[in-house]
1. Going by how many other Cβ atoms sit within 10 Å of their own, how do 386, 680 line up, fewest first?
2. Under 1.5 on a/c is rounded, so check that first for the stretch 484-637, then, if it is not, pick prolate when a/b is larger than b/c and oblate when it is not; a ≥ b ≥ c are the square roots of the alpha carbon gyration tensor eigenvalues.
3. Compute the acute angle (0 to 90°) between the alpha-carbon long axis of helix 4-16 and the principal axis of greatest extent of the alpha-carbon atoms of the chain; round to the nearest 10°.
4. Just need the relative contact order of the stretch 591-720 here, percent rounded to a whole number, with Cα pairs under 8 Å and 6+ apart.
5. Is the shape of the stretch 419-539 rounded, prolate or oblate, going by the alpha carbon gyration tensor and its root eigenvalues a ≥ b ≥ c, with a/c under 1.5 for rounded and a/b larger than b/c for prolate?
6. Under 37 °C and 0.692 mPa s, how fast does the stretch 192-268 diffuse according to Stokes-Einstein, given a Kirkwood radius computed over C-alpha pairs? Answer in µm²/s, whole number.
7. On a C-alpha basis, how far is the centre of the stretch 255-282 from the centre of the stretch 165-192 in Å? Whole number, if you could?
8. Alpha carbon centre of the stretch 460-487 versus the stretch 370-399: separation in Å?
């Protein structure tokens with residue numbers, strides 16, 4: 001890592017970039033302070049190694065030498081917690097981390113050490129660092145771990161850091177090159193691990209580059225392999241590395257799951273055991289160094305390079321400084337060449353949807369997938385970023401040793417889900433995994449001003465619910481959350497809402513506000529909040545109850561959240577809620593949202609920006625009919641669709657099909673009015689037609705090779 005070329009590149013950047021110059025000066029100051037101390041940690045090798053390679057001052061090398069001799073003379077780098085297991089875990093994460101730090105120190109002062117010192121340190125590094133990891137994780141005659149032991153990141157960290165260290169001592173230990181080769185060849189199997197049906201464990205990677213364990217552990221686990229791959233490329237450039245197509249996609253995963261802000265640090269989708277400011281900076285920096293050079297990556301590295309994440313490669317870290325690439329000039333208004341919405345369906349159901357790539361835009365993230373290890377009991381949950389703030393939040397996590405980590409943070413009540421009689425997923429799911437089919441996401445549809453996705457959380461809730469579907473419809477500045485719920489017996493449903501900032505209700509509106517960012521939440525079905533008066537006077541309306549949870553990473557602090565419920569105990573219900581995104585442009589003229597309903601359907605109308613949108617929810621399509629189709633007439637619109645959305649000009653006659661500007665059909669086969677067919681197929685599909693009365697654009701998801709007719713496409717022209 002601290003190669004001559006990287007050091008030369010850093011020295012050149014210091015001359016022309018004040019941020020890098022300032023970061024280097026901080027690192028040098030830290031190194032100068034360290035050499036005056038009597039006791040050191042293994043990770044001090046990083047900043048001391050940088051100082052020595054940049055200045056040549058032997059006081060830094062002398063201190064590193066002390067650290068190397070001290071640490072490699074120990075009997076083990078693991079604690080009693082792992083060593084007391086049966087069999088003993090001798091090569092865990094402490095060994096992995098220490099091997100990495102010691103190897104950096106050894107490499108940085110290689111020429112300062114005598115030949116005997118190199119030999120002694122190298123052999124002891126094998127004894128206490130490399131061999132325990134290989135024995136536990138890789139070698140056929142001794143290993144007892146697999147790709148999914150302790151989740152999916154441990155294998156990467158333990159094995160690839162053993163390979164990294166083997167590269168450092170390859171001149172002193174004859175077997176080291178063989179170990180490097182053995183470690184390198186495992187990468188294909190690691191990234192293609194397909195999961196375990198019997199033990200409820202998912203594949204390591206989504207086909208689009210996602211890593212299910214969280215952004216935190218995606219960054220950690222992936223970067224450990226990339227560090228090894230980069231070190232192998234640097235040390236043995238003629239070695240042919242294994243071809244991993246997934247490396248072309250990993251960077252996009254981090255770009256899609258990061259939220260970009262005008263002020264402060266970027267935020268990320270913090271589902272599971274993560275941190276709100278965790279990013280993929282380390283992974284994209286290493287990918288760039290490995291030759292995966294895209295303008296999108298340069299843009300992302302620029303967005304995320306500030307900081308000092310101990311496992312990242314930001315500029316305020318020694319490794320981040322020395323590996324910071326010389327990037328091309330990127331325009332200030334550059335936007336990634338990616339869709340603004342993406343579904344990672346293979347990693348257990350993650351999706352992100354945003355209205356633009358601008359800083360302080362709005363981003364909705366939804367999860368409905370696996371629960372196990374670093375993923376929580378949060379099937380169907382979502383979070384919302386708006387105007388630079390994370391307003392609707394995930395409760396986060398705490399130290400794994402804190403009882404509240406298991407009792408609260410991992411459990412359903414810490415997330416934006418529906419509870420039934422106070423219960424969510426099985427409370428043992430975070431340890432044992434979901435034995436029923438895991439949650440899933442389906443039918444991501446994105447138009448110019450319309451987005452839709454369906455979350456299926458039925459499997460994880462199977463002990464209490466027979467149906468748990470959550471639909472998100474995003475139209476303009478309004479997001480509808482539509483919950484389709486059926487329990488095995490009558491009981492009380494609760495709709496949970498975790499938030500940052502301040503929240504209070506005024507009549508029908510529940511405000512969530514943090515600084516300049518604000519959203520308004522309205523309950524629409526089964527009832528609204530009371531409009532005026534006291535809740536006691538309106539028992540038939542929705543009830544709003546304040547509850548106490550725990551703050552993200554600070555279990556010593558309580559945090560407020562909302563429970564929204566209805567007085568009526570029932571087995572079947574529909575929660576429909578609207579989230580209005582308050583902006584500088586609409587704050588004086590917010591969208592107007594109204595309820596309407598009829599026989600066997602619920603409706604919502606949204607009027608904004610000169611447009612009127614009507615949303616129809618066909619109750620006959622909620623699973624109550626099996627051997628008959630869910631045919632219905634809703635205000636003159638004939639269909640079997642589960643959801644129907646129609647958009648018109650505000651002053652248009654909404655009974656005339658020629659006035660339809662936009663049409664969405666969610667799980668339906670036809671839509672008709674006045675003996676005219678707007679869209680038809682013999683199988684059900686989900687589709688969006690924009691520019692219905694002008695130049696139509698169709699987004700279609702349904703049966704392959706289906707024949708679909710659409711009046712907007714000149715009536716009898718067909719889609720195949």
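1. In increasing order of surrounding Cβ atoms, one gets 680, 386.
2. Here the stretch 484-637 falls in the oblate category.
3. Rounded to the nearest ten degrees, it is 60.
4. 15 percent
5. oblate
6. Roughly 227 µm²/s, to the nearest whole number.
7. 32 Å
8. 17 Å
Read the figures in this text as sums done on the coordinates, not as results from a lab. Note that this is a predicted model, so its numbers are computed, not measured. Cβ: placed from backbone, ideal geometry, glycine included. Neighbour counts: every protein chain shown.
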